[in-house]
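As structure tokens, the structure follows; a few thoughts come after it.
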Amino acid sequence: MTKLSRALSLSASALALALAAGTASAETIRWARVADALTLDPHSQNEGPTLTLLRHIYSTLVSRNADGTLEPSLATSWEIHPDDPSIWVLTLREGVTFQDGSAFTAEDVVFSYERVLHESSGFRAIHADVEGAEAIDDYTVHVKMSGPSPLYPNNLTNFFIVDKDWAEANDVVAPQNFAAGEENFAVRNTNGTGPYKLVSRDPEVRTVMEAFDGFWGDAPAATEVIYQPIPEAATRIAALLSGEVDFVQDVPVQDIARLEQTDGVKVVTGPENRNLFFSYDMTSEKLRSSNVDDNPFSHPEIREAMALTLDRDAIQKVVMRGQSQPSAAPLPPFVNGWTEEMNAYDAPDVARATELVKSVYPDGFSVQLDCPNDRYLNDEAICQAVVGMMGRIGIDVSLNAQSRSLHFPLIEKWETDFYLLGWGVPTFDSAYIFNFLVHTREDSYGAYNGGKYSNAEVDAKIEEIATMTDLEARDAVIGEIWDQVMEDRVFLNVHNQLLAYAVKDGLNIEVHPENQPTMWTVTFD
Amino acid sequence: MIAFIIRRLIQSIIVMVAVAAVSFALFRFVGDPINSMVGQEASIDDRQALRDSLGLNDPIITQFGRFIGNALQGEFGISYRLQMPVTELIMQRLPATLELALVSGTLAFITGLGLGVYTALRRRGVLSNVIMTGSLIGVSLPTFLIGVLLIWVFAVELRWLPSNGRGEVVSIGSWWSTGFLTTSGRLALILPAITLGLYQMTLIMRLVRAELLEVLRSDFIKFARARGLSARAVNFGHALKNTLVPVITITGLQLGSIIAFAIITETVFNWPGVGALFISSVRFVDVPVMSAYLMMIALIFVIINLIVDLLYYAVDPRLRVDRAAHSH
Amino acid sequence: MTPETQAPQTKAPGRLYRAWDSDLAYAFRTAPVAIVATLVVLVVVFCSVFAPLIAPMNPYNPAALNLMNGFTPPMEPNAFTGEVFLLGADGQGRDMLSTIMYGTRTSLFVGAMAVLFAMVMGISIGLFAGWRGGWVDSALMRIADVQLAFPAILIALLVFGIARGFIPDGLRDQLAIWVLIVAIGLSDWVQFARVVRGASMVEKNKEYVQAAQVIGAHPLKIMFRHILPNVMGPVLVIATISLALAIIAEATLSFLGVGVPPTQPSLGTLIRVGQGFLISGEWWILLFPAVTLLALALSVNLLGDWLRDALNPRLR
């Protein structure tokens, strides 16, 4: 595109925008959710709302459909190198331009790899097996892995591609480094290949984006997106009911019924890639918060009793108002490794559970449950209900419900005996769960293994599946690991979350399993 | 005079250092800042490295010294959460809070004054008693509940007023943004200003009433009445004028508390001010923002206090001793 | 003088009678607002103090709860269990009436203890500052000034933050309530201190105090025996109004997430949880605790108001 034609098309789009604003606001989506993106730097924070907003400005190599399958994006195809199983060959889309007009080529992908592997990146763990990327020609990239990594493309759905020249010109070759004490240009300025361009941003107040007319995909129906974080649930729903916003992403389960009955508003629901479970320290000699001298969770009888008294259906009916899928398996059904048997659970049997507890502790025992109160759907109410259920079989649970910023360090620092955790699986494969939650904590493994579970045999198998190329054999090993984990009752699973989006009538938004709605796929009636 | 000013100044500095120590100490204990800086998936080594490079492993006293040194230059570092310079972030949010505080302060002052005068002059009237009791309802419910109820009635059910935010804002100069100049901006101010001002209004109304009753009983008012001045001239010309000095003083001192109390109102109405910024920083353990906010509140308060002290001194040196007892 | 106080009495009037006959009691008997407020406070205090005896169930006993009773509307049988609750049940299947009784108990306890804490601290500091004067006085009063700049929320966050570092796991539940008391109390001592300081500065120069000093009375004894009684009126007024403020502060802190654990809710926690159900239509979860809080705080405020006027003879 010449300078002149670009200027012409710019003014044309400005004119179109002005006309649109004058006639109807149907092309604008006012979108509210609980939190804002933490930054616009594409490689700094691996966190839900940040990824959602960035996705509108930056494109990834591979993207994930609402049904969970992979779909080409900036990479049109990906395959394992015929001569070397540890190399992934990516073929790039041609004719793509960045929002500043420069062309997208292989060197931008190589540069983005360097940036995402930088020590101040928040995504290093996801690309831990990458040794380096190399541009073969303008539209072919070889990604060298430390060993065969058959499922690696699953890790590319949150990897945003930046423009090398833009990054170098603005001195943002590395993501925000807190120690430097300076603001990074990329935190508030963007240059992606995505469907929208940033117009203005006031952090935690409002972010405005408009359609990028040079987008490589179909032109979006929604030409303007206004994103507003509203943390208080009541205020957020009030804004939708009073017509101040068009789309609320985080809808409290109790408000769904009222919203469904309200004229001009509809609610769409769907399963989320997130599973809620309790876990406990079954390894320590003695618990931090218990009144008995040994570790109650080390007794299989106690773990069985807790599973027997947990009334998943009651939680689903009352606390979640139907907005959950009760399950005994600590992974959502669409993740590789899930089976029907794992999912099944027995009806609660309080009498039997009480007997089991009495057989070890005739007077029962006490323990503290740590729970977040601002992270998952009705997290605090779920914990409260579980306190009641445990109370019935002689386990006196005291509840410590607090903000996520205080809750998660307890798990990371092994300062909790009994806790609630919700886990999403962005790679849609069990290995992600094993690496973070099951493997003994060492090196990059087990960061969220808060219960100190450690089984050398399981660890060996987890390390084995990382490089297995025969997917059938690999699935068999995954099955073996799950058998052991379920037998040991490492997790006391509650349910899979369901997502609910509330939208103005006339607007069609699909529920995305990773809670990553995309405004450019929205349609208007 | 000079000695007095210097003494007050030194006291103010000591106060600021104490607040700095407190705000610094508080946030060394609450939560772990590292956790809010890195994602859920960062490894333990990464965390340790970041901790080292931020100096969070240095002796506490070294960290505090560094904190004071930076604070003196208005330098509070980069927000862990929003990755922006804290000073800039606060300056960006301050206009919203100041406008809200100004409107609700004015509202509270005018209605408080009017109702206070009315209830004092008609002390035994039925309406006065209704006002006195009714004003107590406003202070007998938590602010957040009043806000939520106002949203429910006026935004959700009646749909008269917006439920959140500032509406359209207009930029004035490089760093001030105002909602006064647009209709949506003015509409958006109504509910938060009432919520925030209700408590102060009750306070001012009661203060005016008490002071006015006191003055009306004094000898010079009796004398003015005896001279045959009209009730109107006595009440408004003499009595009210004498009431206003303490009332304005207290209102001025309250300005700092309005800004601090705005935390709750801003949270409920999603008002993009410094209070909402502070609360979300607390939730995410965003240490630099929290420290800067506490220091800012303390500074505003110390300055207001200092000005009031100096004014008192200038007006009447005798009051110097009485002030503290007078302003309870 | 009402007729019954003029009833012929030959022997010396008893203590009770003298109390009945006092100015304060007379003012009380003739103020319907004060009487109604007192009755409300008495009923609320009675119901909460004797909650374990009169409440239909113990909502703090998790084993007694049935989750399936959750969200039962008032006076309607539950769809699953058929149980009926006078004021409905909350999301955990707790009877609202019992929960409010127990919750009020917690709120009153927190409020009363916080005021007591603030009162003891404020009076001690005020007496000390007024008595010593000089730099001790100005230092303490400057601290008081700064203290006023920080609302209870900030101070509570501070206290909570520090307490978190010291309180071991497993004890947090039991100690949370004491942390709350200290947090609210700490934000409220200034008023007491100012009043007491002002009065003791005036009193200490009076002749009787100087006389007491001359005969060698201990300064502490002078302060408590001679100065304190003179300021008890205003202190009582502040204490009453502080009680209402403390109960509301507790509610606000719960809203911001630093309150008592939800398994042992206070009125504030109940209101925080209840406001989430305002739009969805489960009004009873919010309305009943809010009305209870309003009735209690309003009555206490009205009493404080009345007391202030009654103790100020010039206002009568």
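Quick notes
- Burial ranking of peptide ranges A:266-278, A:47-59 (average Cβ count within 10 Å, highest at the top): A:47-59, A:266-278
- Ordering A:283, A:65, B:116 by the projection of their Cα atoms onto the charge dipole of the protein assembly as shown, which places +1 on the Cβ of Lys and Arg and -1 on the Cβ of Asp and Glu, puts B:116 at the extreme positive end.
- For residue A:60, the residues whose modelled amide H falls within less than 5 Å of its own, excluding neighbours fewer than 5 places apart on the same chain, are A:74.
- Counted charge near residue C:204, where neighbours are those whose Cβ lies closer than 14 Å (Asp, Glu -1; Lys, Arg +1): +2
- Computed magnitude of the charge dipole of the stretch A:92-164 (debye, nearest 20; Cβ of K, R +1, Cβ of D, E -1): 280
- Residue B:61/residue B:13 FRET efficiency (R0 25 Å; Cβ-Cβ; nearest 0.05): 0.80
- Close amide H contacts of residue A:368 (hydrogens built in the peptide plane, cut-off under 5 Å, sequence separation of 5 or more or a different chain): A:289, A:398.
- Relative contact order [Cα under 8 Å, 6+ residues apart], the stretch B:86-275, whole percent: 35
- The stretch A:164-254, dipole about Cα centre (Lys/Arg Cβ +1, Asp/Glu Cβ -1), debye to the nearest 20: 100
- Cβ-based exposure ranking for A:164, A:317, A:358, in which fewest neighbours within 10 Å come first: A:358, A:317, A:164
- Contact order normalised by residue count of the stretch A:40-183, Cα under 8 Å, 6+ apart, percent: 30
- Taking a sphere under 12 Å around the Cβ of residue C:88 and counting the other residues whose Cβ falls inside, with K and R at +1 and D and E at -1, yields a net charge of -4.
- Using θ = phi - 60° in the Karplus curve 6.51 cos²θ - 1.76 cosθ + 1.60, the 3J(HN,Hα) couplings for the stretch A:449-464 round to 7, x, x, 6, 5, 8, 9, 4, 5, 5, 4, 4, 5, 4, 5, 5 Hz; x is entered for Gly and Pro.
- Under a 5 Å amide H cut-off, with hydrogens placed 1.01 Å from N, residue C:150 pairs with nothing among residues at least 5 apart or on other chains.
- Taking Cβ atoms as reference points and 10 Å as the exclusive limit, the residues near residue B:84 contribute a net charge of 0, counting Lys and Arg as +1 and Asp and Glu as -1.
- Lys/Arg +1, Asp/Glu -1 at C-beta; chain A dipole; positive extreme among A:97, A:240, A:49: A:240
- Degrees between helix C:134-149 axis and first principal axis of chain C (Cα, 0 to 90, nearest 10): 30
- Isolated Cys residues of the protein assembly as shown, judged by Cβ distance under 4.7 Å to other cysteines: C:47
- Computed log₁₀ I(q)/I(0) - Debye formula, equal Cα scatterers, no solvent, the protein assembly as shown, q 0.07, 0.08, 0.09 Å⁻¹: -0.74, -0.95, -1.18
- Förster-model FRET efficiency, 41 Å R0, residue B:110 and residue C:54, C-beta, rounded to 0.05: 0.30
- Simple point charges give the picture: +1 on the Cβ of Lys and Arg, -1 on the Cβ of Asp and Glu, and for the stretch B:86-275 a dipole about the Cα centre of about 1020 debye.
- Of A:83, A:470, the sequence from fewest to most neighbouring Cβ atoms within 10 angstrom is A:83, A:470.
- For a straight C-alpha distance cut-off of 16 angstrom, the aspartates and glutamates reachable from residue A:197 (same-chain residues fewer than eight places away being disregarded) are A:27, A:41, A:100, A:163, A:210, A:213, A:218, A:224.
- Computed over chain C: relative contact order in percent, which uses C-alpha pairs under 8 Å that are six or more apart: 22
- Between helix A:379-391 and chain A: long-axis angle, C-alpha atoms, 0 to 90°, nearest 10: 10
- Peptide A:313-320 shows a mean partner chain C-beta count of 4 within 10 Å per residue C-beta.
- The mean number of partner chain beta-carbon atoms within 10 angstrom of a residue's beta-carbon across peptide B:164-175 is 2.
- Helix A:48-57 and the long axis of chain A differ in direction by around 20°, with both axes built from C-alpha atoms.
- Helical runs (DSSP H, four residues minimum) scored at -39500 (n - 2.57) apiece and divided by the length of chain B put the mean residue ellipticity at 222 nm at -24000 deg cm²/dmol.
- Only one residue of B:197, B:97, B:128 has its Cα farthest out toward the positive end of the dipole of chain B, where Lys and Arg carry +1 and Asp and Glu -1 on Cβ, and that residue is B:128.
- Residues residue B:102 and residue A:170, FRET efficiency given R0 of 41 Å [Cβ-Cβ distance, rounded to 0.05]: 0.60
- Helical mean residue ellipticity (222 nm; -39500 (n - 2.57) per DSSP H run of 4+; nearest 500) of chain A: -8000 deg cm²/dmol
- 3J(HN,Hα) from dihedral phi, the stretch A:495-508, Karplus parametrisation 6.51/-1.76/1.60, rounded to Hz, x for glycine, proline: 6, 9, 6, 9, 9, 10, 10, 10, 10, 5, 4, x, 10, 10
- Order of B:5, B:90 under a 10 Å beta carbon neighbour criterion, fewest first: B:5, B:90
- Backbone phi angles across the stretch A:294-309, fed through the Karplus curve with coefficients 6.51, -1.76 and 1.60 (θ = phi - 60°), yield HN-Hα couplings of 10, 9, x, 6, 6, 8, x, 4, 5, 5, 5, 4, 5, 5, 6, 8 Hz in residue order; Gly and Pro are listed as x.
- Sorting A:509-515, C:34-40 by their mean Cβ neighbour count within 10 Å, with the most densely packed peptide first, gives A:509-515, C:34-40.
- Which listed pairs, of A:317/A:504; A:164/A:504; A:286/A:317, have C-alpha distances above 32 Å, in listed order: A:164/A:504; A:286/A:317
- Counting Cβ atoms of other protein chains within 10 Å of each residue's Cβ and taking the mean over peptide B:47-53 gives 3.
- Sorted peptide list for C:97-104, B:270-277, A:454-461, criterion being average Cβ within 10 angstrom, highest first: B:270-277, C:97-104, A:454-461
None of the figures in this text is laboratory data; all of them are computed from the coordinates on show. From a predicted model like this one, the values you see are computed outputs, not experimental measurements. All Cβ positions, even for glycine, are placed from backbone atoms using ideal geometry, and neighbour counts span all protein chains on display.
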